[in-house]
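Engineer: Dropping the structure in here first, questions after.
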Amino acid sequence: MADLVRRRAQAVVPGVPRRRGALGARERIERLLDEGSFCETGLFVRARPTADDSRRGSQRPYGDGVVTGYGTVDGRPICVFAHDSSVFGGSMGEAFGEKTVALMDMALKTGCPVVGLNDSGGARIQEGVVSLALYAELVRRNVRASGVIPQISVILGPCAGGAAYSPAITDFTVMVDGTSHMFVTGPDVIEAVTGERTTAEDLGGAGTSNSVNGNAHFLAADEEEALDSVRDLLSYLPANNLERPPQYAPGHAADGEPLDRVVPDRSGQSYDMRAVLESVVDDGELLYVHELFAPNIICALARIEGASVGVVANQPLHAAGVLDIDASEKAARFVRFCDAFGIPLLTFADVPGYLSGVRQERAGIIRRGAKLLYAYAEATVPKVTVVVRKAYGGGYAVMGSKHLGADVNLAWPTARIAVMGAEGAVGVLHRRELAAAADPDALRARLVAAYESTHGTPYPAAERGYVDAVIAPRDTRAHICRALRALRGKRAPMPERRHGNIPL
């Protein structure tokens with residue numbers, strides 16, 4: 001017994017974090033989990049000896065640079081691992097990798113989310129190819145778990161080289177401003193190879209990863225906020241793909257009357273779509289995903305009558321809510337996540353279409369924009385769509401249209417569903433008349449008014465059944481609630497196949 005106590009004391013002795021103010025691995029886990037719920041696995045695992053150890057006669061510490069185990073968040077089980085940067089810089093060796101892989105296997109067998117707290121120097125050079133092999137084993141577990149259990153990565157320090165690819169496969173990544181870095185090749189190597197000088201922050205800092213390349217979904221001010229955001233995120237998610245998301249008491253419903261005035265009278269004038277969303281969901285609360293990346297589209301988790309929903313909405317405040325490459329890929333991944341875990345999709349459309357232009361065409365807007373079409377068409381969860389204002393061209397089709405499998409489609413009286421806007425349509429259809437007119441401006445105004453009175457309303461779509469109801473904006477929440485209740489038992493079997501082939 002005394003030997004056990006002694007060894008346990010040796011195993012849990014905290015090392016000195018590499019950065020001042022940073023929490024230790026076990027401190028981070030304890031801060032994330034419910035108090036007293038953590039059960040550690042692999043406590044007495046040691047790193048495998050190397051030739052360097054035998055020459056120095058050194059003894060490897062317990063744990064091998066990673067703390068693994070399970071516990072609860074708000075009483076719900078999760079598995080968690082945390083890199084210990086005070087041991088070999090948190091680098092992955094054979095024992096480190098085996099502990100992490102074993103934890104992933106446990107999470108899959110028990111059907112609970114897994115959270116990784118990353119703070120690692122990457123592969124352990126001293127252990128050579130074994131370290132690389134374990135990275136590949138971890139990625140294989142990430143792929144097996146994808147769409148089965150939620151996977152969340154928290155970057156609390158460096159995450160470089162091969163270590164960066166495992167978080168990239170997980171569902172959500174949280175980074176801390178000023179301390180988190182995630183990149184394949186560090187600035188020193190880039191300068192040595194190309195002569196180009198850069199910094200870790202510019203390459204893959206938290207700001208860059210959240211706003212420029214979209215590698216991260218959430219930006220936290222510090223470690224405490226990062227761990228709080230994980231707890232908040234887990235509250236919206238089911239434990240696995242066979243369970244429903246947690247059900248809470250219905251939240252407060254905002255007064256819907258201001259929605260009658262939210263859309264400006266002038267068609268080119270912008271407004272904040274968040275005001276619409278906050279008036280519809282419980283307590284006006286949304287957890288925005290990828291908030292700083294591709295802001296022309298909004299992705300968020302929220303609740304309607306206490307049940308989780310995934311919200312996708314165009315944001316007229318940014319580029320008129322147009323769909324470009326980044327927005328398409330951002331929304332497509334979010335839609336597929338919600339579909340994998342049985343979270344109903346709520347779409348708010350105000351979209352001028354796909355963004356045109358040489359740069360977008362050359363960057364692959366057709367192939368990459370098609371990802372969002374694929375994601376919506378593939379999704380079998382309940383899908384409810386509200387057309388708020390413009391829904392033009394391919395933008396109408398992709399944003400949760402009836403033709404891609406939406407179950408209930410609603411439109412406000414301000415909705416304009418057409419191939420293109422009135423100004424553009426008149427310019428194409430009446431080009432010769434306008435060129436020959438004595439007063440082309442007056443003729444254009446009459447033609448635009450005539451086009452808007454016919455094609456620029458939701459009623460032609462409603463007459464064909466593409467829109468189930470044209471509703472008063474103030475009644476939006478009530479209609480959504482009724483639709484989601486009716487769709488609660490939805491069944492939509494898919495053809496038997498290995499998997500589809502999304503245009504990656």
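The values are calculated or read from the model by the stated rules, or taken from the named source; none is laboratory data. Just so we're clear, the structure is a prediction, and the values are computed from it rather than from any experiment. In this analysis, Cβ positions are derived from the backbone assuming ideal geometry, glycine residues included, and neighbour counts consider all displayed protein chains.
Engineer: Residues in region 336-344: is at least one surrounded by fewer than 21 Cβ atoms within 10 Å (Cβ to Cβ), on the phi < 0 side of the Ramachandran plot, touching a Leu at 6+ places or on another chain (Cβ under 7 Å) and in contact (Cβ under 8 Å) with a residue 12 or more places away in the chain?
Structural biologist: no
Engineer: Okay, next question. Between a residue in region 261-273 that is polar (S, T, N, Q) and any residue that is assigned to a helix (DSSP H, G or I), which pairs come within a Cβ distance under 9 Å, given they are 6 or more apart or on different chains?
Structural biologist: Listed by first residue and then by second, the contacts come to Ser267/Ala422; Ser267/Glu423; Ser267/Glu452; Ser270/Ala320; Ser270/Gly321.
Engineer: Checking Ala239 against (1) in the same structural domain as Val381 (by TED's automatic domain parsing); (2) outside any helix (DSSP H, G or I); (3) touching a residue at least 12 places away in the same chain (Cβ under 8 Å), which single condition isn't satisfied?
Structural biologist: In the conditions (1) in the same structural domain as Val381 (by TED's automatic domain parsing); (2) outside any helix (DSSP H, G or I); (3) touching a residue at least 12 places away in the same chain (Cβ under 8 Å), Ala239 misses (1) alone.
For every residue, the table says whether it meets (1) assigned by TED's automatic domain parsing to the domain that holds Pro316; (2) within 24 Å of the chain's Cα centre (by Cα).
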| site | (1), (2) |
| --- | --- |
| Ile365 | yes, yes |
| Tyr396 | yes, yes |
| Met399 | yes, yes |
| Thr414 | yes, no |
| Leu434 | no, no |
| Asp441 | no, no |
| Tyr451 | no, no |
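Engineer: So in region 115-130, with the set limited to residues that are closer than 24 Å to Met175 by Cβ and not aliphatic (A, V, I, L, M), which one is farthest from the chain's Cα centre (by Cα)?
Structural biologist: Let us first name the residues in region 115-130 that are closer than 24 Å to Met175 by Cβ, namely 115-124.
Remaining after also requiring not aliphatic (A, V, I, L, M): 116, 118-122, 124.
Details: Gly116: 16, Asn118: 18, Asp119: 21, Ser120: 23, Gly121: 25, Gly122: 25, Arg124: 30 Å.
Restricting to residues being closer than 24 Å to Met175 by Cβ and not aliphatic (A, V, I, L, M), the top hit is Arg124.
Engineer: What are the residues in region 427-466 that are more than 21 Å from Tyr354 (Cβ to Cβ), free of Cβ contacts under 8 Å to residues at least 40 places away in the same chain and among the β-branched types (Val, Ile, Thr), if any?
Structural biologist: Val448, Thr454 - these are the residues of region 427-466 that are more than 21 Å from Tyr354 (Cβ to Cβ), free of Cβ contacts under 8 Å to residues at least 40 places away in the same chain and among the β-branched types (Val, Ile, Thr).
Engineer: May I ask you to list pairs of residues, at least six apart or on different chains, whose Cβ atoms are under 8 Å apart, with the first in region 190-216 being free of Cβ contacts under 8 Å to residues at least 60 places away in the same chain and the second being among the hydroxyl-bearing types (Ser, Thr, Tyr) and not in a loop (DSSP other than H, G, I, E, B)?
Structural biologist: Note: pairs meeting the criteria are Glu201/Thr208; Asp202/Thr208; Ser209/Thr173; Asn215/Thr173; Asn215/Ser209.
Engineer: Scan region 458-476 residue by residue and report those that are more than 17 Å from Ile304 (Cβ to Cβ), acidic (Asp, Glu) and at pLDDT 95 or above.
Structural biologist: The first filter runs over region 458-476 and keeps only residues more than 17 Å from Ile304 (Cβ to Cβ), leaving 458-470, 472.
After this cut, where a residue has to be acidic (Asp, Glu) as well, the list is 463, 468.
Asp468 - this is the single residue of region 458-476 that is more than 17 Å from Ile304 (Cβ to Cβ), acidic (Asp, Glu) and at pLDDT 95 or above.
Engineer: What is the residue count in region 149-191 for residues that are in a helix (DSSP H, G or I) and either over 17 Å from Gly122 (Cβ atoms) or in contact with a Leu (Cβ under 8 Å, 6 or more places away or on another chain) (or both)? First the steps, then the outcome.
Structural biologist: To start, the set of residues in region 149-191 that are in a helix (DSSP H, G or I) comprises 161-169, 187-191.
Now narrow it down to the ones that are either over 17 Å from Gly122 (Cβ atoms) or in contact with a Leu (Cβ under 8 Å, 6 or more places away or on another chain) (or both): 162, 166, 187, 190-191.
Matching residues across region 149-191 total 5.
Engineer: Does region 91-126 hold any residues that are of a type in the set (A, V, I, L, M, F, W, C) and either in a loop (DSSP other than H, G, I, E, B) or not assigned by TED's automatic domain parsing to the domain that holds Ser146 (or both), and which are they? Break it down stepwise before answering.
Structural biologist: Narrowing region 91-126 to residues of a type in the set (A, V, I, L, M, F, W, C): 92, 95-96, 101-104, 106-108, 112, 114-115, 117, 123, 125.
Selection gives Cys112 alone.
Engineer: Please determine whether any residue of region 430-441 is touching a strand residue (DSSP E or B) at 6+ places or on another chain (Cβ under 7 Å) and of a type in the set (D, E, K, R). Don't jump to the end; show me each part of the working.
Structural biologist: Filtering region 430-441 down to residues touching a strand residue (DSSP E or B) at 6+ places or on another chain (Cβ under 7 Å) leaves none.
Among the residues of region 430-441, not one is touching a strand residue (DSSP E or B) at 6+ places or on another chain (Cβ under 7 Å) and of a type in the set (D, E, K, R), which makes the answer no.
Engineer: Those residues that are surrounded by 23 or more Cβ atoms within 10 Å (Cβ to Cβ) and not in a strand (DSSP E or B), I need them from region 282-314; list them, please.
Structural biologist: Residues satisfying the conditions are His290, Ala294.
Engineer: Limited to region 137-148, what total is found for residues that are of a type in the set (D, E, K, R) and either closer than 15 Å to Leu117 by Cα or in contact with a Leu (Cβ under 9 Å, 6 or more places away or on another chain) (or both)? Walk me through how you get there before you give the answer.
Structural biologist: Our first condition is that a residue be of a type in the set (D, E, K, R); within region 137-148, this holds for 137, 140-141, 144.
Those still in the list that are either closer than 15 Å to Leu117 by Cα or in contact with a Leu (Cβ under 9 Å, 6 or more places away or on another chain) (or both) too: 141, 144.
So the answer is 2.
Engineer: Ok, one more. Return yes or no: is Arg464 assigned by TED's automatic domain parsing to the domain that holds Ser279 and more than 17 Å from Asp265 (Cα to Cα)?
Structural biologist: Numbers: assigned by TED's automatic domain parsing to the domain that holds Ser279: yes; more than 17 Å from Asp265 (Cα to Cα): yes.
In short, yes.
Engineer: Among the residues of region 93-146, which ones are crowded, with 16+ Cβ neighbours inside 10 Å, over 20 Å from Ala239 (Cα atoms) and either out of contact with any strand residue (DSSP E or B) (no Cβ under 9 Å at 6 or more places or on another chain) or of a type in the set (Val, Ile, Thr) (or both)?
Structural biologist: Result: Glu94, Glu98, Gln126, Val130.
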